[in-house]
Amino acid sequence: MSKPDLAKANAELAGDPERLTAWALGLGKRAFCSSSFGPFSAVTLHMATRLQPQIPVIWIDSGYGTAAMYRYVDEVAALLKLNLHIVRPRRSRAHREAADGPLPEVGSPGHAAFTEEVKLEPFDRAVRELRGEVWITGIRAEETEARARMEPVSLARDGIIKVAPVLHWNARQMHDYLKRHHLPNNFDYFDPTKVEDRRECGLHVG
């Protein structure tokens, strides 16, 4: 099989999320989605599952989500009939806090280790188990400065092809897609590895 032309995909498909999703799923490689189940998450999941209903969807349950977020996970998973792979850190939140104390402050020495434990290691473990080759993610350029510098198609660690179909969509376009397809949304969301808006969690950089 020939090597995918990532530059060509970026040049021709960057402005068309649905065609870019179809391109990614048409590569003949083991594809998977990841989702934080934060705002607008249903958009990319809907685009992918319309084309490949059983595509694996990785969700990392850190144990720190809001009640509304957990209800949103259940709602979207049922509505889209997601092949949801729920991945958790090796230690529960209760275990970690009993041993190490409460959530470390952003920028503190312990926060990097916390991020590795509750997000990066579980994600890498899930990808290995799925033997994933194409990663579809819902990140958007307007979310952080780092994402604004990204391309919709790139190479991630271990040669995985990372595809961000809605990278260049704004919130209005995301909202319109949700409304058009009668999909739910949720803004009551918390990521303990980011804490603050416009901050990276580490999964999409490096």
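The values are calculated or read from the model by the stated rules, or taken from the named source; none is laboratory data. As the structure is a prediction and not an experimental result, all values here were calculated from the model. FYI the Cβ positions are ideal-geometry reconstructions off the backbone, even for glycines, and counts take in every protein chain you see. The protein model used for the area step is the full one, side chains on, heavy atoms only, and it has no ligands, DNA or RNA in it. Shrake-Rupley method; radii C 1.70, N 1.55, O 1.52, S 1.80 Å.
So the values come out like this:
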read-out: Check on T21, in a helix (DSSP H, G or I) and in contact with a Gly (Cβ under 7 Å, 6 or more places away or on another chain); value: no
read-out: Pairs with Cβ under 9 Å, 6+ apart, first in the stretch 112-132 and over 16 Å from R96 (Cα atoms) and among the small types (G, A, S), second in a loop (DSSP other than H, G, I, E, B) and open to solvent by 30 Å² or more (accessible area, probe 1.4 Å); value: G132/K29; G132/R30
read-out: Lone unmet requirement of (1) in a helix (DSSP H, G or I); (2) more than 26 Å from A171 (Cα to Cα) for G28; value: (1)
read-out: Filter result (closer than 12 Å to G15 by Cα and open to solvent by 40 Å² or more (accessible area, probe 1.4 Å)) within the stretch 145-162; value: E151
read-out: Test result for A22, open to solvent by less than 20 Å² (accessible area, probe 1.4 Å), among the hydrophobic types (A, V, I, L, M, F, W, C) and under 18 Å from the mean Cα position of the chain (by Cα); value: no
read-out: Subset tally (residues that are farther than 25 Å from H46 by Cα and either loosely packed, with under 13 Cβ neighbours inside 10 Å or touching a Gly at 6+ places or on another chain (Cβ under 8 Å) (or both)) for the stretch 117-131; value: 1
read-out: Residue among R71, R50, R90 that alone is under 19 Å from R180 (Cα atoms), surrounded by fewer than 20 Cβ atoms within 10 Å (Cβ to Cβ) and of a type in the set (K, R); value: R50
read-out: Matching entry among H111, H95 (being of a type outside the set (A, V, I, L, M, F, W, C), surrounded by 13 or more Cβ atoms within 10 Å (Cβ to Cβ) and over 15 Å from S34 (Cα atoms)); value: H111
read-out: Contacts under 7 angstrom Cβ, first residue in the stretch 45-63 being farther than 15 Å from G28 by Cα, partner open to solvent by less than 60 Å² (accessible area, probe 1.4 Å) and charged (D, E, K, R), 6 or more apart; value: I60/K119; S62/K119
read-out: When residues of the stretch 163-175 are limited to those that are out of contact with any His (no Cβ under 9 Å at 6 or more places or on another chain) and open to solvent by less than 60 Å² (accessible area, probe 1.4 Å), the one nearest to L79 (Cα to Cα); value: M174
read-out: Checklist (1) more than 25 Å from D124 (Cβ to Cβ); (2) surrounded by fewer than 22 Cβ atoms within 10 Å (Cβ to Cβ) applied to P17, failing item; value: (2)
